[in-house]
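Asker: Before anything else, here's the structure in question.
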Amino acid sequence: MFDCIIVGAGPAGGSAAYHLAKQGRSVLILEKDSLPRYKPCGGGVSPAIAQWFDFDFSPAISCRVDTLRYTLNLEDPVDVKLENQEPIWMVKRDVFDHFLVQQAQKQGAELRDNTEVKSIEFKVDRWVVNTANGSIEGKYLIGADGAKGNMAKWLGFKDRKRRLAGALEVDAASDNVVNTINFEFGLVKNGYIWNFPKADGYSIGIGTFRGGEAQDFKKILDVYGKGAFGIDINNFKQYGHPLCLWDGDQKLHTQNAVLAGEAACVVDPMTAEGIRPSIFSGIKAAEAIHSALGGTSNALEKYTETMMTEWGADMKWAQRLATAFYQFPKVSYKAAVKRPSASMTMARVLAGELSYSDIAGRAIKKLSGSLFGGK
């Protein structure tokens, strides 16, 4: 009998396991794949997450980047230097996720990887989790198995408010890496293309975050890779994957269980940032379950409230900003990205130093003015 069983060993699951185990709770992490395992992801992480932990993330960071470049249809570049700010971390998810789980193990959490969950069942006062390797019992359960996992469905969250975005990504090895984060607007509709450097190559990806118009991601990414960096993406394996964008307030708790990470649809609808919100949700889930184990009757309900007020409220602004920006990318690029102060502000949002609520009202007003002839 475990105090908590966590299904999924990504950033949400690893963070929840670390903080629960640190509080002396018995924790089991179940992961269907063997760790470390590959995970398609740009791998940009806000250094702001360091404040939530008491260990050094350096071993899990591939490189640190303090320069961003924006382009529109591969032209009109805007370069931004992060001055007086912490550089943004670039990580490989196989290394980063495993490192986080290892920190949880040092606190006493148990990991059973290569263990797929087949079904779950609540009996009286506990969860029975059935795996290919037998059944396990836990007082509480965290579903952190990502965008394609079954936990949300099995826990009864059939009508989740979520917006599924599509992404295609390649990891391209290179001996001549330029230590700059690249964002390209214009080649893809309702989204952007990214190129995030790593110590030994690039993570190049494309995603759309609003609208359902069909686009040839592979063809667009091929044009970008060759045109901007001389990289033929066809020489590397390509990974398609969904993103669970935040799409409004919703219930994230049920009987002795909560959802966290992409299973809880926490991905930023403006930038598609997923690692920081997943970690945040994992930490808040751990706090709620620790409180529930201590006797607080409405602890899980408060988890839902916390996620809506401390994350969801800001995502409402992100969603409005995304709607304004991606609908008219050329005008938005001129009105926002081309303005030095606006580019620096967005860089601070990416670094976790500013929230959307700090800047979105003013930014949307400027975008609207540019679109409709105002000032």
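Asker: List every residue pair whose Cβ atoms lie under 6 Å apart, where the two residues are 6 or more positions apart in sequence or sit on different chains, the first residue falls within region 267-281 and is surrounded by fewer than 24 Cβ atoms within 10 Å (Cβ to Cβ), and the second residue, located anywhere, is part of a loop (DSSP other than H, G, I, E, B) and among the hydroxyl-bearing types (S, T, Y).
Answerer: Filtered contacts from region 267-281: R276/S46.
Asker: Starting from region 229-241, take each residue that is closer than 21 Å to K39 by Cα and list its partners that are in a loop (DSSP other than H, G, I, E, B), counting only C-beta distances under 7 angstrom and pairs at least six apart or across chains.
Answerer: What qualifies is Y239/P40; H241/P40.
Asker: Among all residue pairs at least 6 apart or on different chains, which show Cβ distances below 7 Å where the first residue, located in region 323-336, is open to solvent by 30 Å² or more (accessible area, probe 1.4 Å) and the second is of a type in the set (D, E, K, R)?
Answerer: Once the first residue is open to solvent by 30 Å² or more (accessible area, probe 1.4 Å) and sits in region 323-336, its partners that are of a type in the set (D, E, K, R) give T323/R210.
Asker: So which of G361, G369 ends up being under 24 Å from the mean Cα position of the chain (by Cα), of a type outside the set (A, V, I, L, M), at pLDDT below 80 and loosely packed, with under 14 Cβ neighbours inside 10 Å?
Answerer: Of the residues listed, the single one that is under 24 Å from the mean Cα position of the chain (by Cα), of a type outside the set (A, V, I, L, M), at pLDDT below 80 and loosely packed, with under 14 Cβ neighbours inside 10 Å is G361.
Asker: Turning to a different aspect of this structure: Within region 44-87, how many residues are touching an Asp or Glu at 6+ places or on another chain (Cβ under 8 Å), open to solvent by less than 30 Å² (accessible area, probe 1.4 Å) and assigned to a loop (DSSP other than H, G, I, E, B)?
Answerer: Number satisfying all stated conditions: 3.
Asker: Here are some conditions: (1) in contact with a Pro (Cβ under 7 Å, 6 or more places away or on another chain); (2) open to solvent by 20 Å² or more (accessible area, probe 1.4 Å). L245 meets all but one. Which one does it not meet?
Answerer: The number of the failed condition is (2).
Asker: Could you list, in sequence order, the residues of region 12-35 that are assigned to a helix (DSSP H, G or I) and among the hydroxyl-bearing types (S, T, Y)?
Answerer: S15, Y18
Residue-wise test of (1) in a loop (DSSP other than H, G, I, E, B); (2) among the acidic types (D, E); (3) modelled with pLDDT under 90.
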{"site": "V95", "(1), (2), (3)": "no, no, no"}
{"site": "V101", "(1), (2), (3)": "no, no, no"}
{"site": "K118", "(1), (2), (3)": "no, no, no"}
{"site": "G149", "(1), (2), (3)": "yes, no, no"}
{"site": "G156", "(1), (2), (3)": "yes, no, no"}
{"site": "V170", "(1), (2), (3)": "no, no, no"}
{"site": "D175", "(1), (2), (3)": "yes, yes, yes"}
{"site": "E184", "(1), (2), (3)": "no, yes, no"}
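Asker: State yes or no: is I289 open to solvent by less than 30 Å² (accessible area, probe 1.4 Å), β-branched (V, I, T), over 30 Å from N73 (Cα atoms) and at pLDDT 95 or above?
Answerer: For I289, the condition - open to solvent by less than 30 Å² (accessible area, probe 1.4 Å), β-branched (V, I, T), over 30 Å from N73 (Cα atoms) and at pLDDT 95 or above - is met.
Asker: For region 174-192, check the following and say yes or no: at least one residue is touching a His at 6+ places or on another chain (Cβ under 8 Å) and under 22 Å from P40 (Cβ atoms).
Answerer: So far as region 174-192 goes, no, none of its residues is touching a His at 6+ places or on another chain (Cβ under 8 Å) and under 22 Å from P40 (Cβ atoms).
Asker: Kindly provide the set of residues from region 328-356 that are at pLDDT 85 or above, polar (S, T, N, Q) and part of a helix (DSSP H, G or I), ordered by number.
Answerer: If the condition is that a residue be at pLDDT 85 or above, polar (S, T, N, Q) and part of a helix (DSSP H, G or I), then S332 is the only one that fits.
Asker: Any chance region 302-321 includes a residue that's over 16 Å from D247 (Cα atoms) and aliphatic (A, V, I, L, M)?
Answerer: No, there is no match, as no residue in region 302-321 is over 16 Å from D247 (Cα atoms) and aliphatic (A, V, I, L, M).
The values are calculated or read from the model by the stated rules, or taken from the named source; none is laboratory data. No experiment lies behind these values; they were computed from the predicted model shown. Quick reminder, even Gly has a Cβ in these numbers, built from the backbone with ideal geometry, and neighbours come from all protein chains shown. Surface accessibility is based on the protein's heavy atoms, side chains included, excluding ligands, DNA and RNA. Shrake-Rupley method; radii C 1.70, N 1.55, O 1.52, S 1.80 Å.
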